[in-house]
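Worksheet for the structure shown next.
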Amino acid sequence: MEKYVINGGKPLYGEIDVSGAKNAAVAIIPAALMVNGVCRLENIPQISDADMLMTILEHLGAKIRMVNRNTVEIDCTDVRYTDAPYDLMRRIRASYYLIGAMLGRFGAAKTTMPGGCNFGVRPIDQHIKGMTALGADVEVTGGFVYAKALDGKLHGTRIYLDKVSVGATMNIILAASMARGRTVIENAAKEPHIVDLANFLNSMGAEIMGAGTDVIKIRGVERLHGAVYSVIPDQIEAGTFMIAAAATKGDVLVTNVIPKHLEPITSKMRKIGVNIEEFDDSVRVWVDGPLVRTNVKTMPHPGFPTDMQPQIAVTLALAEGTSIVTESIFENRFKYADELSRMGACIKVEGNSAIIDGVKKLTGARVSAPDLRAGAALVIAGLAADGITVVDDIVYIQRGYENFEEKLRSLGAEIEKVSSEKEIQKFRLRVG
Ligand code: EPZ
């Protein structure tokens, strides 16, 4: 299994380019399934979740042509509603978007219960509520989700989401975009990637209004046509590099961003004493004084994103004073706390909050990534810590960050991806 080995204690300096948004790409790739034709997708991040989805589409009969590392042409002319491989589908959470896409185009869908990072129970009842309201019969049995439009085609309806859910909002948008009649989604999630999916579908001839607000209106269309579309920059990757600059007390220009998408992150980081200067499509992040405590509560957009919770916790572990981080979206997203404690952090988890007493410094240790964003946070901790850190199980990190270690190395980080203890020894000897 591959690992990162890091020689920490060096501030990060320089300029880093953000890739396309993972959580937009993993909905936009399945959306291409709805077209009896070709879609050209640009700024697709080269991450394993995106690769997995394209492999699943190929199993369903799609023809995939990689134009370059971040541009792909997907031809779904010959896609028939057939069974995608169970073992691939169950590994990623975003496989549930195939339900909405296949129901929309074919009036039927068969997928598996989704996988994804383990932060406790992650039900799909709101997805099922939405598909049922649109006129599908949905059955979950044997690890599979079977859905079928009762009269062959979905019909528009009004759906109130009991819980603000990114996945359910996007899945219902997919299915409703080719249903008969109008659909209104109330209490919808408002993340930037939801707007990106709606913009992509509208470029294919869909009629979706209000994405980015909590009421989304969709007028179903008979068919969608191919389109060329570029995915928005990744808000969470940008935030991760911003935090890396702050935690290592460096000075970094993060480019190819949409500053408006970063507002919840920027305002919280300024509160702890990080300097952030915003330009049209970049932000400069630097620290020239002590970091100070604050409290953070994760909320649906435009609140502080849950996908930035482990990263901000690492910065607070190095800030003066006691901070409280409250996770209001997922059941248990503090699995990194014990790992961070190995590095000298003073963090205690009580229910859905972590109480963090800032320490002067962290020291390198051997830690394991429990999930995607916690893994990235532990790498940041290693970059800030004195000495050598080894992060195991980096397969999680590779699901959501393109060229993570190369990008960090370009900012002066001493980090390498290795796969053996021998290579770790060599790294230790080399850095001395
Ligand atoms: C998406 O997950 C993202 N994943 C997550 O990003 C992100 O953390 C999350 O949205 C919140 O922003 C993808 O887009 C592939 P939710 P999703 O539905 O759709 C509950 C990352 O790090 N819920 O918004 O699963 C759910 O349990 C990943 O990039 C129901 O109760 O999140 C959670 O408590 C991690 N019933 C809350 O709603 C449902 O039917 C929000 O979940 C659906 C969700």
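If only the Cβ of Lys and Arg carry +1 and only the Cβ of Asp and Glu carry -1, the dipole of the stretch 281-432 around its Cα centre is close to 280 debye.
Assuming charge only on the beta carbon of Lys and Arg (+1) and of Asp and Glu (-1), the dipole of the stretch 1-140 about its Cα centre is about 180 debye to the nearest 20. With coordinates expressed along the principal axes, the C-alpha atoms belonging to the chain extend over 67, 44, 41 Å, beginning with the largest. Starting from 0.36 nm per residue, how many nanometres of slack lie between residue 428 and residue 90 once their C-alpha separation is accounted for? Stretched fully, the residue 428-residue 90 segment lengthens by 117.9 nm.
Of the chain, which part is the longest with no trypsin sites (Lys or Arg not before Pro) in a loop (DSSP not H, G, I, E, B) and with at most 10 other C-beta atoms within 10 angstrom? The partial results should precede the final answer.
Values: sites that count: 80, 360.
With trypsin sites (Lys or Arg not before Pro) excluded where exposed in loops, the chain gives 81-359 as its longest stretch.
Compute and list, largest first, the equivalent-ellipsoid semi-axes of the stretch 238-344 from the alpha carbon gyration tensor, each √(5λ) rounded to a whole angstrom.
Details: eigenvalues 93, 58, 27 Å².
Working from the Cα gyration tensor, I get semi-axes of 22, 17, 12 Å.
Within the chain, the longest run free of exposed loop sites, counting GluC sites (Glu not before Pro) that sit outside DSSP helix and strand states (H, G, I, E, B) and have at most 13 other Cβ atoms within 10 Å, spans 1-221.
Assuming a ≥ b ≥ c are the square roots of the Cα gyration tensor eigenvalues, decide whether the stretch 101-200 counts as rounded (a/c under 1.5), prolate (otherwise, with a/b larger than b/c) or oblate. List each step's numbers first, then the result.
On the way: a/c = 1.62, a/b = 1.05, b/c = 1.54.
Note, shape of the stretch 101-200 comes out oblate.
Straightening the chain between residue 125 and residue 222 buys 32.2 nm, computed as 0.36 nm per residue apart minus the Cα-Cα spacing. Can you spot the lysines whose alpha carbon is less than 22 Å from residue 417's alpha carbon? Ignore those fewer than 8 places along the same chain. Answer for residue 417, where 22 Å is the Cα cut-off: 3, 10, 22, 407, 426, listed by chain and number. When both the stretch 255-282 and the stretch 206-248 are represented by their alpha-carbon centers, they are found 18 Å apart.
Computed over the alpha-carbon pairs of the stretch 301-375, the distance histogram in 10 Å steps reads 20, 57, 22, 1 percent, short to long.
Given the convex hull of the Cα atoms of the stretch 10-159, what is a quarter of its surface area in nm²?
11.4 nm²
Summarise the long-distance tail of P(r) for the stretch 129-256 by giving the % of C-alpha pairs beyond 20 Å. It works out to 53 percent of all Cα pairs.
Every Cα-Cα pair in the stretch 30-110 was counted, and those over 15 Å apart are 52% of them. Would you be so kind as to identify which of 389, 57, 354 lies farthest towards the positive end of the dipole of the chain, taking Lys and Arg as +1 and Asp and Glu as -1 on Cβ and the Cα centre as origin? Projecting each Cα onto the dipole axis, the largest value belongs to 354. Label zone of residue 357 (point 7 Å out along Cα→Cβ, amide N under 11 Å): in the stretch 308-334 this covers 321-322. In sequence order, the stretch 261-275 has phi-based couplings of 5, 9, 3, x, 6, 4, 5, 5, 5, 5, 4, 8, x, 8, 7 Hz under the Karplus curve 6.51 cos²θ - 1.76 cosθ + 1.60, θ = phi - 60°, and Gly or Pro positions carry x. Taking other residues whose beta carbon is less than 10 angstrom from the beta carbon of residue 71, and scoring Lys, Arg as +1 and Asp, Glu as -1, yields +1. Karplus-derived 3J(HN,Hα) values for the stretch 157-163, using 6.51 cos²θ - 1.76 cosθ + 1.60 with θ = phi - 60°, are 6, 10, 10, 9, 7, 5, 9 Hz; glycine and proline are entered as x.
According to the square roots a ≥ b ≥ c of the eigenvalues of the Cα gyration tensor, what is the shape class of the stretch 279-319, taking rounded for a/c under 1.5, prolate for a/b larger than b/c otherwise, and oblate for the remainder?
On the way: a/c = 2.29, a/b = 1.05, b/c = 2.18.
Oblate, since a/c reaches 1.5 and b/c is not below a/b.
Bridge orientation summary for the chain: considering DSSP beta bridges with both residues in this region, about 70 percent are antiparallel.
Readers should treat all values here as calculations from the given coordinates under stated rules, not as data from a laboratory. If you're wondering where the values come from, they're calculated on a predicted model, not measured in any experiment. Using ideal geometry, Cβ is built from the backbone for each residue, glycine included, and neighbour counts are taken over all protein chains shown.
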